[in-house]
Amino acid sequence: MVKFIELLGVNFKKEFYFDSYKQFFKDAGYENVAFDVIEGKMPCAVAVITKE
């Protein structure tokens, strides 16, 4: 599936785990970030950034 998506032009640069995903936003300087995990065959984490 990843190869097919890459053929469409998407280029994956990094593999994230939930903790590394949260750290990515922290390192980028975002402070007001809420995270939700959508469970399923392929769990998906969603970051919601709140602007102050």
- Query: Quick one: is Tyr21 part of a loop (DSSP other than H, G, I, E, B), touching a strand residue (DSSP E or B) at 6+ places or on another chain (Cβ under 6 Å), surrounded by 10 or more Cβ atoms within 10 Å (Cβ to Cβ) and not charged (D, E, K, R)?
  - Reply: no
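Going through Glu6, Glu15, Glu39 one at a time, which residue ends up being over 12 Å from the mean Cα position of the chain (by Cα), at pLDDT below 90 and of a type in the set (Asp, Glu)?
On the way: Glu15 fails: over 12 Å from the mean Cα position of the chain (by Cα); Glu39 fails: at pLDDT below 90.
Exactly one residue qualifies, and that residue is Glu6.
Being surrounded by 10 or more Cβ atoms within 10 Å (Cβ to Cβ), free of Cβ contacts under 8 Å to residues at least 60 places away in the same chain, in a helix (DSSP H, G or I) and out of contact with any Cys (no Cβ under 8 Å at 6 or more places or on another chain), is that true of even one residue in segment 37-51? Don't jump to the end; show me each part of the working.
So in segment 37-51, the residues surrounded by 10 or more Cβ atoms within 10 Å (Cβ to Cβ) come out as 37, 45-47, 49.
Those still in the list that are free of Cβ contacts under 8 Å to residues at least 60 places away in the same chain too: 37, 45-47, 49.
From the residues that got through so far, the ones that are in a helix (DSSP H, G or I) too are none.
No, segment 37-51 has no match at all.
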- Message: So Lys3 passes all but one of these: (1) surrounded by 10 or more Cβ atoms within 10 Å (Cβ to Cβ); (2) part of a helix (DSSP H, G or I). Which condition number does it fail?
- Response: (1)
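Output the number of residues of segment 22-36 satisfying the condition of being under 14 Å from the mean Cα position of the chain (by Cα) and acidic (Asp, Glu).
Residues in segment 22-36 being under 14 Å from the mean Cα position of the chain (by Cα) and acidic (Asp, Glu): 2 in total.
The values are calculated or read from the model by the stated rules, or taken from the named source; none is laboratory data. These numbers come from a predicted model, not from an experiment. So basically every Cβ, Gly included, is an ideal-geometry build from the backbone, and we count neighbours across all protein chains shown.
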